[in-house]
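The values are calculated or read from the model by the stated rules, or taken from the named source; none is laboratory data. Quantities reported herein were computed from a predicted structural model and do not represent experimental measurements. Here Cβ is always computed from backbone atoms with ideal geometry, including for glycine, and neighbour counts include all displayed protein chains.
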Amino acid sequence: APLAPDAPPTAGRRAPDAPPTAAFPVRTVPRGVWAYLKIAGGCDRVCTFCAIPSFRGRFASRPLDELEAEARWLAGAGVRELVCVSENTTSWGKDLPGGRRAQVDLIRMFERTEGLARVRLLYLQPAEILPELLDAMAASPVVAAYYDLSLQHASGPVLARMARSGDADRFLRLIEGIRARDPAAVFRSSFIVGFPGETERDVDALADFLEAARLDWVGFFPFSVEDGTPSATMPDQVDPGIAGARRDRLTQLAEALADEAAEAYVGRELAVLVEEHDGPDAVGRSHREAPETDGEVRLPGCAVPPGRMVPVRVTGTDGVDLIGEPVIPEASVAAWRTVEVGTAAG
């Protein structure tokens, strides 16, 4: 659970290099108060646009005890947030005892790791998301209410050519089900625009989906050929100029929706993990902002040191970024002003 405002900061501490394992050399290093944790490698899916399986091999989960050891090491190095990554996080455990239902055990492991304030799961495959995982995420005091869904498109015909299941209706039902479980849920996804055979009707379907889904964070990528993939030789390749125009249209829509999503937080309270200082301002992230991809929360004139999780009332926005002020006793603020700040490494 998030630490109380008077909990000691951990930013700036470092542990010695961890020894590599045979299958997964440890490459993770603390990035100030957060770090990536690779929970698996490889991919068994056969998406027609992707070459990853050809050079990264079959999907292989890292064992739970190995992940726990690395999580503890990182927490001991001052990391407060872990960002779990893999090619397909919702496949984790399928090659381990207990199968994919062991994902609940993974969450329980994070909950008992001392020093962690937040864990974020990225790259959730809609077709593989278990109800048990969603229930555990929604109930966890540590796992962020952040759902990074690998959608790729919302048109059924386009997804079929990608060798992916789903369509706009199925994705909307999934999102509605998550919101029913977890009202604080935040959503991110990325989409490929200009896939072979994509029509203006398909683009309209994607735009309609974005309007209905109200995702918080969206990225678009024009289709690019990867040698050796089935999509490289598909008929009806879309002209790059047309694909770019479609991307621009969808990006304009998504940016407007993202601004609206940010505005909806004004007046609300969020738990913000302070990461650094920019002049007199503290800068951090709440559960809604993943590092390196999303926005941030700025606390003007705030002396809270890096590594603290602090309750914040949102007072305004700057585009998709939030502006806020700590909701803490004045005594705590006065004490923090005596602490040297800005020590976290980026």
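Looking at Leu210, Leu299, Leu273, which is the one that is surrounded by 13 or more Cβ atoms within 10 Å (Cβ to Cβ) and either in the same structural domain as Ala184 (by TED's automatic domain parsing) or closer than 19 Å to Ser150 by Cβ (or both)? Show your work before the answer.
Details: Leu299 fails: either in the same structural domain as Ala184 (by TED's automatic domain parsing) or closer than 19 Å to Ser150 by Cβ (or both); Leu273 fails: either in the same structural domain as Ala184 (by TED's automatic domain parsing) or closer than 19 Å to Ser150 by Cβ (or both).
Selected residue: Leu210, the only one of Leu210, Leu299, Leu273 that is surrounded by 13 or more Cβ atoms within 10 Å (Cβ to Cβ) and either in the same structural domain as Ala184 (by TED's automatic domain parsing) or closer than 19 Å to Ser150 by Cβ (or both).
Cβ-Cβ distance below 9 Å, separation of 6 or more or different chains: which pairs start in the range 111-138 with a residue that is within 18 Å of Arg288 (Cβ to Cβ) and end on one that is part of a strand (DSSP E or B) and basic (Lys, Arg)?
The qualifying pairs are Arg118/Arg285; Leu122/Arg188.
Tally up the residues in the range 192-214 that are out of contact with any Phe, Trp or Tyr (no Cβ under 6 Å at 6 or more places or on another chain) and closer than 21 Å to Glu226 by Cβ, please. Spell out the reasoning first.
The initial filter retains those residues of the range 192-214 that are out of contact with any Phe, Trp or Tyr (no Cβ under 6 Å at 6 or more places or on another chain), namely 196-214.
Retained after the next criterion (residues that are closer than 21 Å to Glu226 by Cβ): 196-198, 202.
Of the residues in that region, 4 qualify.
Yes or no: the range 37-57 includes at least one residue that is of a type in the set (S, T, N, Q) and within 17 Å of Thr90 (Cα to Cα). Outline the logic, then answer.
Let us first name the residues in the range 37-57 that are of a type in the set (S, T, N, Q), namely 48, 54.
From what's left, within 17 Å of Thr90 (Cα to Cα): none.
Within the range 37-57 (the criterion being of a type in the set (S, T, N, Q) and within 17 Å of Thr90 (Cα to Cα)), the answer is no, since none of the residues qualifies.
May I ask you to say which residue of Glu87, Glu111 is surrounded by 19 or more Cβ atoms within 10 Å (Cβ to Cβ), in the same structural domain as Pro157 (by TED's automatic domain parsing) and under 30 Å from Ser286 (Cβ atoms)? Even if it seems obvious, please write down each step before you answer.
Numbers: Glu111 fails: surrounded by 19 or more Cβ atoms within 10 Å (Cβ to Cβ).
Sole residue among the options that is surrounded by 19 or more Cβ atoms within 10 Å (Cβ to Cβ), in the same structural domain as Pro157 (by TED's automatic domain parsing) and under 30 Å from Ser286 (Cβ atoms): Glu87.
Name the residue that is farthest from Gly194 (Cα to Cα), counting only residues in the range 223-249 that are more than 29 Å from the chain's Cα centre (by Cα) and either among the charged types (D, E, K, R) or not in a helix (DSSP H, G or I) (or both).
Gly228
Out of all the residues in the range 139-174, which are out of contact with any Pro (no Cβ under 6 Å at 6 or more places or on another chain), among the hydrophobic types (A, V, I, L, M, F, W, C) and in contact (Cβ under 8 Å) with a residue 40 or more places away in the chain?
Passing the criteria: Val142, Ala144, Ala145, Leu151, Ala154, Val158, Met162, Ala163, Ala168, Phe171, Leu172.
I need every pair where a residue in the range 183-203 that is more than 17 Å from Gly241 (Cα to Cα) and assigned to a loop (DSSP other than H, G, I, E, B) has its Cβ under 6 Å from the Cβ of a residue that is of a type outside the set (Ser, Thr, Tyr) and modelled with pLDDT of 95 or more, sequence separation at least 6 or different chains.
Close Cβ pairs (under 6 Å, with a partner that is of a type outside the set (Ser, Thr, Tyr) and modelled with pLDDT of 95 or more) amount to Ala184/Ala145; Ala185/Ala145; Ala185/Ile178; Ala185/Arg179.
Taking the residues in the range 147-173 that are in a helix (DSSP H, G or I) and touching a Phe, Trp or Tyr at 6+ places or on another chain (Cβ under 6 Å) as candidates, determine which candidate is surrounded by the fewest Cβ atoms within 10 Å (Cβ to Cβ).
Step by step, filter the range 147-173, then rank; the result is Ala168.
Is it the case that Arg247 is under 20 Å from Leu215 (Cα atoms), touching a Pro at 6+ places or on another chain (Cβ under 7 Å) and in contact (Cβ under 8 Å) with a residue 12 or more places away in the chain?
Details: under 20 Å from Leu215 (Cα atoms): yes; touching a Pro at 6+ places or on another chain (Cβ under 7 Å): yes; in contact (Cβ under 8 Å) with a residue 12 or more places away in the chain: yes.
Taking the combined requirement at face value, the residue satisfies it.
Among the residues in the range 59-73, are any surrounded by 14 or more Cβ atoms within 10 Å (Cβ to Cβ), modelled with pLDDT of 95 or more, within 18 Å of the chain's Cα centre (by Cα) and not hydroxyl-bearing (Ser, Thr, Tyr)?
Yes: the range 59-73 contains one or more residues that are surrounded by 14 or more Cβ atoms within 10 Å (Cβ to Cβ), modelled with pLDDT of 95 or more, within 18 Å of the chain's Cα centre (by Cα) and not hydroxyl-bearing (Ser, Thr, Tyr).
Among the residues that make up the range 238-246, is at least one of them under 22 Å from Leu149 (Cα atoms), surrounded by 14 or more Cβ atoms within 10 Å (Cβ to Cβ) and at pLDDT 95 or above? Even if it seems obvious, please write down each step before you answer.
From the range 238-246, those under 22 Å from Leu149 (Cα atoms) are 246; that's our starting set.
Next, from what is left, pick out any that are surrounded by 14 or more Cβ atoms within 10 Å (Cβ to Cβ): 246.
Filter again for at pLDDT 95 or above, leaving 246.
Yes; the residues of the range 238-246 include at least one that is under 22 Å from Leu149 (Cα atoms), surrounded by 14 or more Cβ atoms within 10 Å (Cβ to Cβ) and at pLDDT 95 or above.
How many of the residues in the range 191-201 are closer than 16 Å to Asp248 by Cβ and either surrounded by fewer than 19 Cβ atoms within 10 Å (Cβ to Cβ) or of a type in the set (Asp, Glu) (or both)? Steps first, please.
Here is the first cut: in the range 191-201, the ones closer than 16 Å to Asp248 by Cβ are 191-194, 198, 200.
Those left that are additionally either surrounded by fewer than 19 Cβ atoms within 10 Å (Cβ to Cβ) or of a type in the set (Asp, Glu) (or both): 198, 200.
The number of residues fulfilling the criteria is 2.
List every residue pair whose Cβ atoms sit under 6 Å apart, with the two residues 6 or more apart in sequence or on different chains, where the first one lies in the range 273-302 and is on the phi < 0 side of the Ramachandran plot and the second, anywhere, is polar (S, T, N, Q).
Within 6 Å, the pairs are Val297/Ser286.
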